[in-house]
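To keep things clear, I will list the structure first and then write my remarks on it.
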Amino acid sequence: MKLGDLFKKAKKQEDVPPPPSSSALPIEQVSNLKAQGYPNDQIIDYLKTQGFSSAQIYDAISQVEARTPAEPFSPPVAKTPAPSFAPESKAPDNTEEIVEAIIDEKWRSISKDLVKFKDWQDSSDSRLDKLEQGFKDIRADVDSLHRAIISKISDYDKSLMDVGTEIKAMEKVFSKVLPDLTESVSKLSTLSKKEAVKKKKIKK
């Protein structure tokens, strides 16, 4: 148990013993705590929670430290309250844990943003694919229409060429037939005039 836990536990106890007499020194407690390996600062903090003043604690520590090994002081161990804190130990440095927690929290936030960006990218890629496919379909339709128009124009050109050929053939035919036809018409006209003159003479 840590020293801070001991202080909290001491404060939460309902039956707090009355403060010691102003003349009593915690020599026994200091001696026992030093024998268990506790440093002076933890002994001072602990004895303050027991109601001893700083002067009493310092005097008791001075007397215990002033005793020589030839004059050991061995009070009854049973009367000494056994503090429930461990020997001096440095508080764990949790800076690394705090940094890791902050990094983990930031990473989770970044991961959420990355997921949103990935969803947006997938949606954009899907729409771009659809647009690209639409452009390809339109281009295919335009190409097909262009080929159809070219084919029709070729057919029209061929038809016009055929018509032109036929016209030229008819021109040749007319060029051969027309002189004879013109001569025949002239002869018919001359004969018609002669007949008309004869009819006039007969009537007279």
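The values are calculated or read from the model by the stated rules, or taken from the named source; none is laboratory data. Keep in mind the model is a prediction, meaning the values are calculated, not measured. Cβ: placed from backbone, ideal geometry, glycine included. Neighbour counts: every protein chain shown.
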Original post:
So residue 147 fits all but one of (1) modelled with pLDDT under 80; (2) surrounded by 10 or more Cβ atoms within 10 Å (Cβ to Cβ); (3) basic (Lys, Arg); what number is the exception?
Top reply: (1)
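Residues checked against (1) at pLDDT 50 or above; (2) in a helix (DSSP H, G or I):
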{"site": "6", "(1), (2)": "no, yes"}
{"site": "11", "(1), (2)": "no, yes"}
{"site": "15", "(1), (2)": "no, no"}
{"site": "21", "(1), (2)": "yes, no"}
{"site": "43", "(1), (2)": "yes, yes"}
{"site": "48", "(1), (2)": "yes, yes"}
{"site": "55", "(1), (2)": "yes, yes"}
{"site": "64", "(1), (2)": "yes, yes"}
{"site": "70", "(1), (2)": "no, no"}
